[in-house]
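Here the structure is laid out as structure tokens; the discussion comes afterwards.
The values are calculated or read from the model by the stated rules, or taken from the named source; none is laboratory data. Given the structure is predicted, the values throughout are model-derived calculations rather than measurements. With ideal geometry, Cβ positions are generated from the backbone for all residues, glycine too; neighbour counts draw on all protein chains shown. Protein only, heavy atoms only, side chains kept; ligands, DNA and RNA dropped before computing areas. Shrake-Rupley method; radii C 1.70, N 1.55, O 1.52, S 1.80 Å.
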Amino acid sequence: MKYSVLDLAPVPENCTPAEALKHSVDLAQHTEALGYTRFWLAEHHNMAGIASAATAVVIGHVAGQTKTIRVGAGGIMLPNHAPLQVAEAFGTLETLYPGRIDLGLGRAPGTDGATAHALRRYTRGADSFPEDVVELLGYLGDENEGVVHAWPGEGTHVPVWILGSSLFGAQLAAYLGLPYGFASHFAPDYLHEAVRTYREQFRPSQWLDQPYVQIGMGVFAADTDEEARFLRSSMQQTFANLRLGRPGKMQPPLRNIEHVIPRNIMAGVNQALACSATGSRDTVRAEVIRLTAELKPDEIIFASQIYDHEARKYSYTLARDVMESL
């Protein structure tokens, strides 16, 4: 299996967005040296704890300070954008960094309703997602016979992925013959059904001969299981605060998190993070094997959102060690 990084440029309580973005570059350079396949950034809006809202801008910044690792979007929330604008942005990135850019597409707005309205979405929203994907693919290909062209963009063939957490994305990716990434790192409920649907319905295309499945997995790795659980508590707080309607910067880890978050909220948080490997190197290895034994994905994309930057880098080091040992 290939292994990659999903980063949201998290902003801890003791950091500024500028520091968070510096950390993302440092993490990209670190994971590039470790042999990770790709470094993806995700689009979210109106969230003080995430600095990757202008995703294409951050991708260009990271790509400019790395050399070999693929850099891309995991993903761009297409309902927020005109397909032409996305094609121009990623066509420009591919022109600047040839052979290194990926474009993952999602159909959720990546934010709340008021913020989605503030983005002044040009489309009908998520309902037009399939048509918008096809339009975007046309702008990036060779044979666009329309009046409108993406310059740069046309002929760049930026690899396009469909990302999702339901059967809709699996069916669309299969129908179009595109690679598929499932967001199991925060929404694992339909993982097995979606992967099965995608593989069963996949149609070979000019982009892909056979199905290609990537699954998201949280990873919180440390020298001991206890330390890893401690590091994970920052992510648990982030998810709990979202459910409680008080989003903000990433909070420091807690030893007694079960005494801080209400039991019913914690149950939902732990369900959302069920596709995670937490512990020492050996524990993480066992969890990765357990989570992938049936699915046999082509790739895992690890999300390791940890408060301390050096601890986050070390978590990715241990995750690399695990993947190389499989």
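Looking only at residues in region 126-179 that are touching a residue at least 40 places away in the same chain (Cβ under 8 Å) and polar (S, T, N, Q), the one that is least open to solvent (accessible area, probe 1.4 Å) is 128. Determine whether region 292-310 contains at least one residue that is modelled with pLDDT of 95 or more, farther than 25 Å from residue 165 by Cβ, part of a helix (DSSP H, G or I) and touching a helix residue (DSSP H, G or I) at 6+ places or on another chain (Cβ under 7 Å). Scanning region 292-310 turns up at least one residue that is modelled with pLDDT of 95 or more, farther than 25 Å from residue 165 by Cβ, part of a helix (DSSP H, G or I) and touching a helix residue (DSSP H, G or I) at 6+ places or on another chain (Cβ under 7 Å).
Within region 54-86, the set of residues being open to solvent by 10 Å² or more (accessible area, probe 1.4 Å), part of a loop (DSSP other than H, G, I, E, B), among the aliphatic types (A, V, I, L, M) and modelled with pLDDT of 95 or more comprises just one member, 54. Does residue 223 satisfy being open to solvent by 40 Å² or more (accessible area, probe 1.4 Å), among the acidic types (Asp, Glu), within 23 Å of residue 3 (Cα to Cα) and within 18 Å of the chain's Cα centre (by Cα)? Against the criterion (open to solvent by 40 Å² or more (accessible area, probe 1.4 Å), among the acidic types (Asp, Glu), within 23 Å of residue 3 (Cα to Cα) and within 18 Å of the chain's Cα centre (by Cα)), residue 223 does not qualify.
For region 87-119, the set of residues classified as open to solvent by 10 Å² or more (accessible area, probe 1.4 Å) and part of a helix (DSSP H, G or I) consists of 88, 89, 92, 93, 94, 95, 96, 113, 114, 115, 117, 118, listed by residue number. Could you grab me the full set of residues in region 234-255 that are among the hydrophobic types (A, V, I, L, M, F, W, C) and under 15 Å from residue 268 (Cβ atoms)? If the condition is that a residue be among the hydrophobic types (A, V, I, L, M, F, W, C) and under 15 Å from residue 268 (Cβ atoms), then 235, 239, 240, 242, 244 are the ones that fit. Applying the condition of being closer than 23 Å to residue 193 by Cβ and acidic (Asp, Glu) to region 264-311 and asking which residue is most open to solvent (accessible area, probe 1.4 Å) yields 294.
Would you tally the residues in region 222-258 being in contact (Cβ under 8 Å) with a residue 60 or more places away in the chain, outside any helix (DSSP H, G or I) and more than 26 Å from residue 104 (Cα to Cα)? Final tally of qualifying residues: 3.
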